[in-house]
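A.B. asks: Mind having a look at this structure? Questions to follow.
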Amino acid sequence: MINDHGKTTFINDDYEEHLWDQVPGDIEVFAKLKNDVTNIETEAGAFECLDMELYARNAHTGEQFPGLSHYYFADEVGDVRRVISFVSGPIYYEKRLDSYEIQ
């Protein structure tokens, strides 16, 4: 998926690790699509989703930071759930699909 600014927001067909973003302070953010389908339940229903993980590493040492985010995407629905963690640890926020309409 690509947003209206031309930035990729979800990778749905490539299971290799990708450089997603670079953050000032020598932090590189990577995205990787997991191989398995994940079942996600939200207020809008249950969905079989692809799970794209996002994580950050120190650009100089390659050390991965503790935070791990998950973007869940279902075909013909789009974004179903996002669990966004901070680079430094387990504090996160969540965005969930609460309804959708089939056209």
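The values are calculated or read from the model by the stated rules, or taken from the named source; none is laboratory data. Predicted, not measured: the structure shown is a model, and the values here were computed from it. Please note: Cβ atoms are built from the backbone with ideal geometry, for glycine as well, and neighbour counts cover all protein chains shown.
A.B. asks: Right, Y71: closer than 19 Å to E16 by Cβ, surrounded by 15 or more Cβ atoms within 10 Å (Cβ to Cβ) and in contact (Cβ under 8 Å) with a residue 60 or more places away in the chain or not?
C.D. replies: When the stated conditions are applied, Y71 passes them.
A.B. asks: Working only within region 76-103, note down all residues that are over 21 Å from I2 (Cβ atoms), surrounded by 14 or more Cβ atoms within 10 Å (Cβ to Cβ) and not aromatic (F, W, Y).
C.D. replies: Listed by number, the residues that qualify are V83, S85, V87, R96.
A.B. asks: Still on this structure, I have one more. Return only the number of the condition from (1) within 18 Å of N35 (Cβ to Cβ); (2) modelled with pLDDT of 95 or more that D75 does not satisfy.
C.D. replies: Against the list (1) within 18 Å of N35 (Cβ to Cβ); (2) modelled with pLDDT of 95 or more, D75 comes up short only on (2).
A.B. asks: For region 19-67, name all the residues that are of a type in the set (S, T, N, Q) and either in contact with a helix residue (DSSP H, G or I) (Cβ under 7 Å, 6 or more places away or on another chain) or more than 23 Å from R96 (Cβ to Cβ) (or both).
C.D. replies: Listed by number, the residues that qualify are Q22, N35, N58, T61, Q64.
A.B. asks: Considering every residue within region 46-53, establish whether at least one is assigned to a strand (DSSP E or B), without any contact (Cβ under 8 Å) to a residue 40 or more places away in the chain, crowded, with 16+ Cβ neighbours inside 10 Å and in contact with a His (Cβ under 6 Å, 6 or more places away or on another chain).
C.D. replies: Yes, because at least one residue in region 46-53 is assigned to a strand (DSSP E or B), without any contact (Cβ under 8 Å) to a residue 40 or more places away in the chain, crowded, with 16+ Cβ neighbours inside 10 Å and in contact with a His (Cβ under 6 Å, 6 or more places away or on another chain).
A.B. asks: For region 56-103, which residues satisfy the criterion of being touching a Lys or Arg at 6+ places or on another chain (Cβ under 8 Å), assigned to a strand (DSSP E or B) and under 16 Å from E28 (Cβ atoms)?
C.D. replies: Q64, F65, S69
A.B. asks: If the requirement is being modelled with pLDDT under 90, assigned to a loop (DSSP other than H, G, I, E, B) and either in contact with a strand residue (DSSP E or B) (Cβ under 8 Å, 6 or more places away or on another chain) or exposed (fewer than 12 other Cβ atoms within 10 Å of the Cβ) (or both), which of these qualifies: D14, D36?
C.D. replies: D14
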